[in-house]
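Novice: Below is one structure. I have some questions about it.
The values are calculated or read from the model by the stated rules, or taken from the named source; none is laboratory data. Predicted, not measured: the structure shown is a model, and the values here were computed from it. In this analysis, Cβ positions are derived from the backbone assuming ideal geometry, glycine residues included, and neighbour counts consider all displayed protein chains.
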Amino acid sequence: MAERYMELERKPRRFCGGMELSSGEVHLLEVIGDQPGASVTALAGWFGISKGAISQTLKRLDNKKLIVRETDPDNLSRIKLSLSALGQMLYQEHKEWHKKRLDGGLLDLMSEFSEEEGQFLHRSFDRFNQILQEMIRLNY
């Protein structure tokens with residue numbers, strides 16, 4: 001399962017006009033589309049990764065003209081992120097991809113789990129991830 005997931009994550013996604021996005025770019029674009037005005041800090045918290053990692057992906061999205069950065073008028077040191085017109089188009093295309101079940105039914109599968117089952121899976125995958133990270137740290 002992990003091998004299949006890594007294979008899928010490495011494969012770029014093609015969108016209208018031939019634009020290719022990495023899996024990380026697609027998911028970050030999706031969250032910005034779902035939560036317009038989100039900050040780098042909020043996105044880092046959402047994904048559980050560093051602000052630096054988020055910033056790198058944002059730079060790639062910015063270079064592709066998919067996002068808009070605006071200074072938050074309530075906090076001039078914070079940047080609010082939203083989608084450009086092109087970013088909105090790709091966001092909609094990705095949502096349609098899920099709607100047509102081209103994701104293999106993954107979202108449907110996740111909706112079948114009860115709250116308790118979902119929490120159990122989340123804890124299990126988190127623990128599995130921690131174990132793998134420790135193995136990597138130990139150079140196993």
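Novice: Counting just the residues of segment 46-56 that are part of a helix (DSSP H, G or I) and of a type in the set (A, V, I, L, M), which one comes out surrounded by the fewest Cβ atoms within 10 Å (Cβ to Cβ)?
Specialist: So the residue we want is Ala53.
Novice: So, in segment 10-25, of the ones that are assigned to a helix (DSSP H, G or I) and touching an Asp or Glu at 6+ places or on another chain (Cβ under 7 Å), which residue ends up nearest to Arg69 (Cα to Cα)?
Specialist: If we take residues in segment 10-25 being assigned to a helix (DSSP H, G or I) and touching an Asp or Glu at 6+ places or on another chain (Cβ under 7 Å), then Ser23 is nearest to Arg69 (Cα to Cα).
Novice: Here's a follow-up. Touching a Pro at 6+ places or on another chain (Cβ under 8 Å) and either part of a helix (DSSP H, G or I) or surrounded by 14 or more Cβ atoms within 10 Å (Cβ to Cβ) (or both): which single residue out of Leu81, Leu28, Leu43 fits that description?
Specialist: After ruling out the rest, the residue left standing is Leu81.
Novice: Can you tell me which of Asp34, Asp72 is surrounded by fewer than 17 Cβ atoms within 10 Å (Cβ to Cβ) and either outside the structural domain of Tyr91 (by TED's automatic domain parsing) or within 13 Å of the chain's Cα centre (by Cα) (or both)?
Specialist: Asp34 is the lone residue from the list that is surrounded by fewer than 17 Cβ atoms within 10 Å (Cβ to Cβ) and either outside the structural domain of Tyr91 (by TED's automatic domain parsing) or within 13 Å of the chain's Cα centre (by Cα) (or both).
Novice: A further question on this structure: Those residues that are surrounded by 10 or more Cβ atoms within 10 Å (Cβ to Cβ) and not hydrophobic (A, V, I, L, M, F, W, C), I need them from segment 113-126; list them, please.
Specialist: Within segment 113-126, Glu117, Gly118, Gln119, His122, Arg123, Ser124, Asp126 meet the criteria.
Novice: What residue, of Lys59, Lys64, is surrounded by 15 or more Cβ atoms within 10 Å (Cβ to Cβ), modelled with pLDDT of 90 or more and basic (Lys, Arg)?
Specialist: Lys64
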